[in-house]
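Report on the structure given below.
Every number here is computed from the coordinates shown, using simple stated rules; none is lab data. Because the structure is a prediction, the values reported are computed rather than measured. Cβ sites come from the backbone with ideal geometry, for glycine too, and all protein chains shown count toward neighbours.
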Amino acid sequence: MKIPKAANKRDQAVIDKLVAHGQQHALRVWDEITPGSRDKLLRQAEKIDFDLLDRLVAEHVTSEKKSAGRSKITAAPVTGQPCTDEEIAEAQKARKVGEEMLTAGKVAAFVVAGGQATRLGYDYPKGMFPISPVRGKSLFQVHAEKILARGRRYDSKIPFYVMTSEASHRQTVDFFEQYDYFGLEPGDVRFFEQSMIPAVDLDGKFLLEAKNRIFTNPNGHGGSLMALKKSGALDHMKAVGIEEIYYFQVDNPLLQICDPLFIGRHRLAKAQMSTEVVAKEDPMEKVGVIGLIDGKLGVVEYSNLTEEEMRERLPDGKLKYGGGNIAVHMINLAFAEKMNKGGLQLPYHKAVKAVPYVNENGEIVRPEKPNAVKFETFVFDALGFCKNSVTMEVARAEEFHPLKNASGDFSVETVQRAMVDMHSRWLQAAGLALPRAAQDRPWAVEIGPLTALDKEELIAKVRSGHSFSWGLCL
Ligand code: UTP
């Protein structure tokens, strides 16, 4: 193809770069597009890390890496829920440390909301989804109110960092503005975008998603570590005295955000990064578990375990590989800095997907078969860089039910049911039994985070004669 000539040095440098890295076909519709579109294409290409792409293509696309054989997988210790007197005393001590950290304002909340939510198929950022069963509060509102309530409980502030990506950024910021930051101080909420990375076709070449745009995808939730650094969020955290970051995903409305027990255990262990897990419901449940991979802490994908391993039990009856990763982490600030020394220290993984593209005739092609390799990093790969780490088990019914799918498991229906069930249990524990609806399910009920963050708070409020401003929706 004829290589276009640019009108200025800056543009020419981008064109030369595309040519030098064998990606000049990204310019093949140059003659058909307006100067404005050309500029858009070049400004996008200018931001690409071509050396990284060359390495990823060489490793994952053009020459398939030879498998070094199966990694050695062993179990990692999990701190279970406290049962014995000794464990209860340990938990009390840890909780106190976590509470002190919160009171001192040393903990930030960090949500990763840069994903594309393809399975849910929602037209807006997933965090805007109206999830709460009675009030229809969005995921963002539920999270923000929990952060506000947690901060108030410790007479302190928890700054909230929100990672978006190119497609979700503007709408996310506007949404928070529209709802007055859900009661948080605007200055305590910071937004930043994660990086995008081009996908390539099966020959390692860029795909055009439009005539003036190379197809890119967010660089995975592992990109959050890089985005924290690049956006200046880590510097901001340091400046306001943050030492630990509570990391969570946007899609789980059940979570106990900034649970002091988790913060305290992580802190007492001098851990660089820690993880919350839930006990697997079934040995064959398809969930990644925390384990040691060739001696390094990480998440073992279920597909890397044999059926025998998945069913194996420890002497106490628990599954050997039973700690299902729920993607809730404590990350030490200095560790997050270290993970960025000399570029992001995480490996990239590939996923082969069907990606629509513009062909040489300028037409959009929607392939039925996978035609593209996407690259992504996973935040849990950072666990392998830790000297110390805590893996803490939490109760699934109180902490984990993410919104992933349009129907079936982990859909709006199951998430709302999990929320109603949890709040009904709290009400029951507080002596307020609920009328039952069909199939012995409680009627829809919702306890807002500002009313009670947990069962204990609700019980205390009921006992103290607190009058609730809401009524049951029957
Ligand atoms: P998932 O892997 O479940 O992806 O992300 P998703 O975007 O929500 O949904 P699918 O897979 O496209 O259907 C788990 C969490 O990680 C965030 C998501 O926003 C979600 O909170 N994430 C994922 C990012 O922030 N960036 C990414 O590049 C990928």
Within 13 Å, Cβ to Cβ, of residue 271, how many net charges do the neighbouring residues add up to if Lys/Arg are +1 and Asp/Glu are -1?
+1
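Rounded, prolate or oblate: which one fits segment 131-187, using the alpha carbon gyration tensor with axes a ≥ b ≥ c (rounded when a/c is under 1.5, else prolate when a/b beats b/c, else oblate)? Walk me through the numbers on the way to the answer.
Working: a/c = 2.09, a/b = 1.29, b/c = 1.62.
Oblate shape, in that a/c is at least 1.5 and b/c is the bigger or equal ratio.
Output the antiparallel fraction of DSSP beta bridges having both residues in the chain, as a percent to the nearest 5.
Given both bridge residues lie in the chain, the antiparallel proportion sits at roughly 65 percent.
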With no solvent and one equal point scatterer per Cα, compute the Debye intensity ratio I(q)/I(0) for the chain at 0.07, 0.13, 0.14 Å⁻¹ and report its log10, rounded to two decimals.
-0.41, -1.31, -1.47
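Classify segment 103-158 from the C-alpha gyration tensor, please: rounded if a/c falls under 1.5, else prolate or oblate depending on whether a/b exceeds b/c. Could you put the intermediate results ahead of the total?
Values: a/c = 5.00, a/b = 1.85, b/c = 2.70.
Judged from the Cα gyration tensor, segment 103-158 comes out oblate (a/c at least 1.5, b/c at or above a/b).
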Can you figure out the FRET efficiency of residue 428 with residue 50, using R₀ = 41 Å and their beta-carbon distance, to the nearest 0.05?
0.10
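Normalized C-alpha radius of gyration of segment 276-387, against 2.2 N^0.38 Å?
1.42
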Multiply the residue gap between residue 461 and residue 92 by 0.36 nm, knock off their C-alpha separation, and tell me the result in nm, one decimal place.
130.7 nm
Rg/Rg_globular for segment 314-465, with Rg_globular taken as 2.2 N^0.38 Å and Rg from C-alpha atoms
1.54
Using a Förster radius of 30 Å, what is the FRET efficiency between residue 152 and residue 116 based on their Cβ-Cβ separation? Nearest 0.05, please.
0.30
Mind giving me the FRET efficiency for residue 104 and residue 405? R0 is 35 Å, r the Cβ-Cβ distance, nearest 0.05 is fine.
0.30
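Can you give the convex hull volume of the alpha carbon atoms of segment 159-282 per residue, in Å³?
Considering the Cα atoms of segment 159-282, their hull volume per residue is 188 Å³.
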For segment 348-436, with equal point scatterers placed on the C-alpha atoms only and solvent neglected, what are the log10 I(q)/I(0) values from the Debye formula at q = 0.16, 0.22 1/Å, to two decimals?
-0.93, -1.10
Output for segment 100-244 (equivalent-ellipsoid semi-axes, sqrt of 5λ from the C-alpha gyration tensor, Å, descending) is 31, 20, 11
Full-stretch length increase - residue 170, residue 3 - with 0.36 nm per residue and alpha-carbon distance subtracted
56.6 nm
Between the modelled labels at residue 294 and residue 84 (7 Å from Cα along Cα→Cβ) the distance in nm is 3.6
Using every alpha carbon pair in segment 4-89, what percent of pairs falls into each 5 Å bin from 0 up to the bin containing the largest distance?
3, 10, 15, 13, 8, 7, 6, 5, 5, 6, 7, 5, 4, 3, 1, 0
